[in-house]
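Notes for the one structure printed next.
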Amino acid sequence: MRTLIKNGTIITAIDEFVGDVLIEGEKIVAVGIQLEATADEIVDAKGKYVLPGGVDQHVHYSFEFKGERVRGVETSNAAVAGGTTTVVEFVNQEQGKGMADTIFDMDKKEVSNQAMADYSYHAVVCDPVDATFEEINDLPSRGISTVKLFMAYKGMPFHSDDEALYKALKAAKEAGVTVMVHCENADVIDLLQKKMISEGKTDPYYHAVSRPERVELEATQRVINLAAMVGAPVYIVHVTAESVMESIRSAKNEGLPVYAETCVQYLMLDEGDLAKPNFEGAKYVMSPALRTKSDQEALWQAVDNGWLNAISTDHCGFDWESQKHMGVDDFTNIPNGAPGVENRLGILWTYGVNTGKISKQRFVDLFATTPAKNMGLDHCKGHIGVGMDADIVLYDPNDSSIISNENSLHGVDYSTFEGYKQDGKVAKVFLRGKLVVDDGAFIGEKGDGKFIPGKPFALCFDDRKEKKELKRV
């Protein structure tokens, strides 16, 4: 099967031109201007942008909190309908079980036959015994190129102390595995939460009060120092605040291999959303907490300048009515997280590209190209080029809509961006050459998605590679 996409405006992380893309089977076999090629199907993309399928390096389809579980990959059609063709899922290690075995047992039971987007995995340390850290060396052989540790959530099985962080960084350095870290000081948060509750401050707004900016800043600086002791790269997830971003930027300027992302919600929402009446604020309980409008502006500048190299969603689909209301009398019982994977492209295009905060090329880099590089997936994902997977989005800039949960596919009873305007429309999506979205409607099938192994020594190791080359010279 050969498909020729003609006359579209092709956008990559470095280029923009009106041209054609030829797909054969699952791969892109030619990109050029006025290609002379035969095809079984010709798609006229005139007036539309031709974008690489998005890579969301930070999603949660299997997360559990106090007996409640998020919506799973049976809702991954929402990602595809929003222009994201590859998602990277965090899987919490089962106690007494290897990280990779935990991942692939789950994959067999509930992912491989249901996923509608292509996917890869992050391992999450939950059983910090020696065998866990020894296993890090073997993760790349099973297609796992990243491991995550949580500095937050004291008392939870996925909380890691400094000893665990140090051991993980040391093992990952030699294996070429990227360590990703959720940075918040768990002990201080625990104290502040107890203080809030004892004072009768139980509303969702106090989630932010109990997790101030400095608990994120302190933990970020601590893990940067731990990584420097080991001589390992580190990746900081979901940066929320200007001070945290500046700490990462300063470390990078000192020559340390420190990288980081932010998420769509931290660019768009602020702590005032947590104060919405009638428990509406619970919809915006996420960790780290939402910050200020000033922080939003600083983060937009950071992603434009490359100080933060990706924009993810931290998609985490808990229902508001049946699950978030667990914390109606105590904000500490509100499941953290919010849906967002369906709206990443539209929000970033409308409020980033169309406002001049980021260019179209920078958008592609943040949305697809660099996330693929971070995850060791850039051999096949994140770029429109010969030999790459034919994951292609046709985006119609002339359409517009209002985001509403009524027409969402994410399976949750609310939308994080309810009522926000979206400029443009995801008109068509090809997943490895198969048309899975047509005229904005998802037409794919469960099981269309497949596991994409991540390769070790990904982008976060580039500094180390360069230093080795210099040393040899």
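Taking 0.36 nm per residue of separation and subtracting the Cα-Cα distance, full extension of the segment from Lys194 to Ile14 would add 59.8 nm. Each of Tyr49, Val73, Ala152 was placed along the dipole of the stretch 4-158 (beta-carbon charges, centred on the mean Cα), and the one lying farthest toward the positive end is Ala152.
Pairs exceeding 29 Å between alpha-carbon atoms, taken from Lys46/Lys283; Lys154/Lys360; Lys48/Lys293; Lys425/Lys446; Lys201/Lys324; Lys283/Lys425: Lys46/Lys283; Lys154/Lys360; Lys48/Lys293. Taken about its Cα centre, the stretch 153-261 carries a charge dipole of roughly 140 debye when the Cβ of each Lys and Arg holds +1 and the Cβ of each Asp and Glu holds -1. Each label point was placed 7 Å from the Cα along the Cα-to-Cβ direction; for Glu321 and Glu246 their separation is 4.5 nm.
With R₀ set to 45 Å, the beta-carbon distance separating Met156 from Thr355 gives a calculated FRET efficiency near 0.70.
The packing ranking, built from the mean of other Cβ atoms within 10 Å per residue, places the peptides 393-399, 78-84, 19-25, 194-200 in the order 78-84, 19-25, 393-399, 194-200, highest first. Scanning the chain for long hydrophobic helices, with DSSP H runs required to stretch 24 angstrom or more by C-alpha along their axis and to average at least 0.0 on the Kyte-Doolittle scale, returns 213-230. Between the amide H of Trp320 and those of Asp413, Tyr414, distances stay under 5 Å, these residues lying 5 or more places away or on another chain, with hydrogens modeled in the peptide plane. Tally Lys/Arg at +1 and Asp/Glu at -1 over every other residue whose Cβ is under 15 Å from the Cβ of Thr38; what's the total? Charge balance in the 15 Å sphere: -3. Label positions at Val386 and Gln34, each projected 7 Å from the Cα along the C-beta direction, are separated by 2.0 nm. Rounded to the nearest 5, the antiparallel percentage of DSSP beta bridges internal to the chain is 50%.
Evaluate the charge dipole of the chain about its Cα centre and quote only its size in Debye, nearest 20, assuming +1 on the Cβ of each Lys and Arg and -1 on the Cβ of each Asp and Glu.
Magnitude of the dipole: close to 920 debye.
For GluC sites (Glu not before Pro), the sites in the stretch 229-330 that DSSP calls loop and that have at most 15 other Cβ atoms within 10 Å are Glu254, Glu321.
Taking a virtual spin label 7 Å from the Cα of Thr292 along the C-beta vector, which residues in the stretch 243-278 bring their backbone nitrogen under 13 Å of it? The answer is 243-244, 271-272, whose backbone nitrogens lie closer than 13 Å to the label point. Extending 7 Å from Cα along the Cβ direction at Asn225 and again at Asp329 yields two label points whose distance is 4.2 nm.
The fraction of accessible area contributed by carbon and sulfur in the stretch 287-427 is 44 percent, rounded to a whole number (1.4 Å probe; ligands and nucleic acids excluded). Relative contact order for the chain: 22 percent, from Cα pairs under 8 Å spaced at least 6 residues apart, divided by residue count.
Take the Cβ atoms of Ser400 and Lys46, set R0 to 22 Å, and the FRET efficiency comes out at 0.70. Each of Ile384, Tyr259, Ala232 was placed along the dipole of the chain (beta-carbon charges, centred on the mean Cα), and the one lying farthest toward the positive end is Ala232.
Scanning residues 5 or more positions from Asp399 or on other chains, those with amide H under 5 Å from its amide H are Gly424, Lys425, with H placed 1.01 Å from N in the peptide plane.
The values are calculated or read from the model by the stated rules, or taken from the named source; none is laboratory data. Everything numeric here is computed off the predicted structure, so don't read it as measured data. Virtual Cβ from ideal backbone geometry, glycine too; neighbours counted across all protein chains shown. Protein only, heavy atoms only, side chains kept; ligands, DNA and RNA dropped before computing areas. Shrake-Rupley method; radii C 1.70, N 1.55, O 1.52, S 1.80 Å.
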